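Working notes, beginning with the structure itself.
None of the figures in this text is laboratory data; all of them are computed from the coordinates on show. Everything numeric in this text was worked out from a predicted model, so none of it was measured. Glycine also receives a Cβ, built like all others from the backbone with ideal geometry; neighbour counts cover every protein chain displayed.
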Amino acid sequence: MGGSSGPAGEWIDVEPGDTGQALPDAGFSGAPVFDQDADAVVGIYVSRDERGKPYLLPVSYLRALWPWLELRVGWRLDLDPALKTHWLPRARGSEVESDSGVWFFSGRQAARQRICDWLADPDQPALVVTGGPGTGKSALLSHLLVAADPILASSVPTGGPRPPHGAFDVAVQVTGMSRDEVVERLATASGVEAATPQELLVALRERRQTDGRAFTVLADALEEAATHEEALRIVALLRNLATSRVARVLAGVRTAPAGSDRARVLESFGRTTPRVDLESYEFLRNYDIADYAERRLTGEDGESARYRDRPRHELREIGRAVARKARYNFLIAQLATRWLTHPATPPLDLDDPAWEHGLPETIGQAMDAYLDACGPETALVRRLLTALAFARGDGLTRDDSWLTIADALHRGRTHSLGELETVFHGAANYLIERSSDNGEQPSYRLYHNALDEHLREQCPAHKPQRAIADALTAAAPLRDGRRDWATAAPYARTHLAGHAAQAHQLDDLLADVGFLLHAEPGPLLAALPHATTEKGHLTAVVYRMTNHQHRQAHPGTRCRILALDAARLGARDLQHQLNAAQSRLGTDAAGPAWRVRFATGSSLPTATIGTLTGHEHGVGAVAVTELDDRPVAVVGGYNSGTLWLWDLAEQQLLGQFSATYRGGVKAVAVGELDGRPIAVTGGFIGADVPVWDLTEQRRIGRCRDFGGAGTLAVGEWDGRPIAVTGQHRSETVRVWDLAECRLLAEIATGCRRGVHGVAVGELDGRPVAVTGGIGDPHVRVWDLAGQRQIGQPLTGHTQGIGAVAVGRLNGRTIAVTGGISGDCTVRVWDLAEQRQIGQPLTGHTQGINAIAVGTLGDRAIAVTGGGVWDGTVRVWDLAEQRQIGRPLIGHAQDVSAVAVAELDGLPIAVTGGGGDETVRVWNLAEQHRIGHPVTGHRSDVEAVAVGELDGRSIAVTGDSFGDCAVRVWDLAGQRQIGRPLTGHSAGVNAMAVGELDDLPVAITASGLDKTARIWDLAGQREIGRFPAGDLIGGDAVAIGELNGRPITVHSGIGLQVRVWDLVEQREIGQPLVGHTHKVKSIAVGELDGRTIVLSGGVENVVRVWDLAGRRQIGHISTTHSRGVTAVAVGELDGRAVAVTGGGTWDETVRVWDLRDGSCVDELTMPGPVACMALGRDGTLALGFGHDIAVFDTDFHNPARIRLRSASLGGLPGDS
């Protein structure tokens, strides 16, 4: 195979091999190409031109041209692993597939017709088939699926309604599956690449735009997912795909008692999703069950031969009797006929008046009757099937785990593999075999969940889940006195957490870090909400915090990530246990050791329910409403014209569509129009204000405001939905009728530099708007009907108004406003009395970008978001005029938008980050900090150094803005030493630790205040200061030492790297030239006794320079995705290495061998790495966001800085 070719690069060149085969003749019509590894035809071998050059036309290319082929590639029922274990047996009405090919399925024409009608109506996105156990849900769905299959349909003998061929694009039996597995299955079947629900939705949307039709999914047994929580997630996934109109979903869900967990699965589809209830009078047909029983009694398998020759009227009478006893339940009828045809069961004697009384009436009676027919092995078979009934996921394999569970549930009994074979002889008809994709042993389950429930109810163990959890734990091998989970049974690693959670002893398991590292992440994550103790809850938070980074990782990598998260949260015991576990795992587990010594947690998200990511170029606006009885967030892109629609409960993306704003979406408001949820959006650069139908995710109108709308609000006027819009470049606000998209009124507000905040409310029965602008410190109230100002402007703000909201306080209409720039206050106004209520609310350190009002319990609250150098979310009690709890910290830069809502009864705030591209969901009722994190920095850390002070290892860090302080950290004591060292008037962006005449010192530099300072670390004071010159204002700066004098190495003008003598205030030598893009990181070190400089940047290349010779002596082509933002140099096992850090959307640290350029190791960080320092003892400090992390590593930096007073010529600026 050669490279791509063809008109769009979709063909593949075929190169002749060395065997001398001839090229095809011109006009060669083609031949199939078979891939032995794939075991399939992958394309057609053809000749395209007169020269006979051969090409491969892949199936992916051909299917787009040929509809017939499209129906026969992708997912196929005849190749589905569940065909023989679920779909075909259920479609036939049998327990397992037999060689006889007999079809027992009968009747159910009304239900089949209803589903066929749904399939024919593309405007109905979802349909749920429901009923109790044994009502035939799976049989009905399976029958329709097989009858619609182009290959298998001809084998279906049943008459009556049939779906069209190709009606289903994929079928999924959900039993034992997680949401992620369902996503993977649907992505594979639809031919798209997607690993998350959000990616799947976007990919299927693009697929529908290309194909012109929705992807049709049949999903059965949703309530039997891996866990109840996973079932809810899968329902949310399917519901979201359906309501977004990218897929049509036919789902089978069992009914359950009201208030139970299983009932919630069905309820999660919402009240508006139509249902086919098989237990309703419309679909109940007792003669269907009688006909089904009669067919099974006369089936062609050997066991039913005894009834085959019975007179027709006797068979009909028996069938009706079985149906009466079964009470419309197909499963009872199935089990009863299986018992009747068992060789050990005497044939029915219809001359006996009591013959009908012995027929089973419940699922349990039918199963017991069958098992009793197993003779002397009945008790053994029942015990081993009971173990299977408690199994989770795909069930049990024929190994020791099955025996371990059976022994645990039946105290005093010990079972063997030989006895296990008895089950496969005496009760094989009850088992379903599932083959794995990776060649491992098949697993087994009972073929119906109702059988599981019956056996679990009969289990003799008092606390069965505890018995199972204890037994599986005890069965794990011991190694050096600890459980060796790496070699434990696969079932235990996968499902022990689920059993422990049901036994209320998950916390004991979470205390074993070996289990955390080796357990399957999916089932463990699903179990974590069941932690009950403080320690268990903390461990659960640590495991969840960055699970997206370690979920698919090797245990060694997972250990590093978890240890860092434990350190950030102040969970020191867990941190030390994970460090020790890393040592036990060995270096080949994930590379050289990275033992976490210390980390701060200044910017840990507090009270965060979730973080929604993927909003490229920032978030400009957020609003919250309801869609199908669930809260959703509408998010507008700050510098993009994109709208995102999120399900807040499931944190899943429902849709993504373009708002056509070239300058980004700056405002979003939500409301209702004709009973449907809508959104109205505005932007700086746009010709209109569009109205969006959120259900159908399409624009349904637009208000022709050619100046766009930088702020807007939605309300009512005389029962009509209206929008009030304001422009940042105009003093005019406009009022729009949203039903007709026409202008109702224009009001000149007097805001000289434009309207930056508008809110709508009601005052004395009249619709009013409240406005504010950045060029006017006045709050103005407007009567929309009269188009006039109410009263005088409200005064109090000193510089301008950045945000406005309207709400209610003690029955009165109020406005809440936020100041800008130096006026960081929040003020509350009584609109009727035209006065300020109480004193200004203070706490923000920058202007207020966004405000929302709501309630917390019975208290009226406001939630506010701060500007760029603040980034906090604050909650205010409006009646008591005070802040509630701590500020909510998590956004990396400004908070650009705020909305409030309820989620499952919890009061929440939804906030958007203008610069960090995230939307965060906060629990307003729980604002306490988890763990005991060490805090300190209130701004990004852009400079760090490591060294020693009085025999203690220390790290020194610098603030990038705010008080611009230098902080000294005791790494062993995990605390800050003394007070922050202040003096710089601008952010610190370079730092080094060394000695001045044997005195431990730190040298810091600031590009903006143009100074370099020397600090006595022991005395905690500044002892020297140098002008840094104009050249230090570059993007990257490092501090080093040359001939006993301090120097800076920094990026300069023209992509050059320059060296500056701080004492003599001059540039040393010629610039280092070679970079082709901006330099963002520099480090000074030592290699083979020479002083070297490493520099890296946007081009993803790290260049190595000989400082004395002023020449490049090497380079490394890194694999960071967004440039190199930090770099250090050191040694590992005698080899010179470079350590590099990646920026936004990369968040990795990589170690490179300087001699051959190979990557030696990689570490994933919680955020972009801004700076790093490597010490002589292997201490590596990394700065990310407001925090630092310090590791003990196997590599070290031999270089050290030693300054001499004599070389400095005194200490200029000595303080």
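Descriptive notes on the structure:
- Note on Glu457/Arg859: beta-carbon distance plugged into 1/(1 + (r/R0)^6) with R0 of 45 Å gives a FRET efficiency of 0.40.
- The distance from the alpha carbon centre of the range 1093-1138 to that of the range 236-250 is 49 Å, rounded to a whole number.
- For peptides 1085-1096, 836-847, sequence by mean Cβ density within 10 Å, most packed first: 1085-1096, 836-847
- Relative to the longest principal axis of the Cα atoms of the chain, the long axis of helix 312-326 lies at roughly 40 degrees.
- Sorted by Cβ density within 10 Å, fewest first, the residues Asp764, Asp400, Asp870: Asp764, Asp400, Asp870
- Quarter of the Cα convex hull surface for the range 271-426, i.e. its orientation-mean projected area (nm²): 12.9
- Total formal charge among the other residues, if their Cβ is under 10 angstrom from that of Pro523, Lys/Arg +1 and Asp/Glu -1: 0
- Seen against the Cα atoms of the chain and their longest principal axis, helix 109-120 is set at about 30 degrees.
- Spatially, the range 199-217 and the range 791-850 are offset by 47 Å when compared through their Cα centroids.
- Gyration tensor analysis over the Cα atoms of the range 759-857 returns equivalent ellipsoid semi-axes of 21, 16, 11 Å (largest first, whole Å).
- Helix axis angle, 417-426 relative to the chain longest principal axis, alpha carbon, degrees: 50
- Over the chain: helical MRE at 222 nm, DSSP H runs n ≥ 4 each giving -39500 (n - 2.57), nearest 500: -6500 deg cm²/dmol
- Over the chain, relative contact order from alpha-carbon pairs under 8 Å, at least 6 apart, %: 5
- Counted residue by residue at 0.36 nm each, then reduced by the alpha carbon distance between them, the extension gain from Ile1023 to His357 reaches 229.6 nm.
- Applying the Kirkwood pairwise sum to the alpha-carbon positions of the range 389-461 produces a hydrodynamic radius of 13.0 angstrom.
- Relative to one another, the C-alpha centroids of the range 871-923 and the range 930-969 are positioned 27 Å apart.
- For the residue pairs Lys463/Lys535; Lys137/Lys325; Lys84/Lys463; Lys1010/Lys1080, the C-alpha atoms sit more than 27 angstrom apart in Lys84/Lys463.
- Per-peptide average of other Cβ atoms within 10 Å, ordering 950-957, 453-460, 322-329 highest first: 322-329, 950-957, 453-460
- Prolate/oblate/rounded label for the range 286-373 (Cα gyration tensor, a/c 1.5): rounded
- Against the rule of thumb 2.2 N^0.38 Å, how large the Cα Rg of the range 608-923 comes out: 0.89
- Taking Lys and Arg as +1 and Asp and Glu as -1, the other residues whose beta-carbon sits under 12 Å from that of Val941 total -2.
- For the range 684-799: rounded, prolate or oblate by the Cα gyration tensor [a/c cutoff 1.5]: oblate
- Cβ crowding within 10 Å ranks Tyr447, Tyr292, Tyr281, Tyr45 as Tyr281, Tyr45, Tyr447, Tyr292, fewest other Cβ atoms first.
- Distance distribution P(r), the chain, all Cα-Cα pairs, bin width 10 angstrom from 0: 2, 8, 14, 17, 18, 17, 13, 7, 3, 1, 0, 0, 0 percent.
- Residues whose placed amide H lies under 5 Å from that of Cys1171, excluding near-sequence neighbours: Gly1183
- Computed FRET value (nearest 0.05) for Thr1076 with Arg398, which takes r as the C-beta separation and R₀ as 56 Å: 0.35
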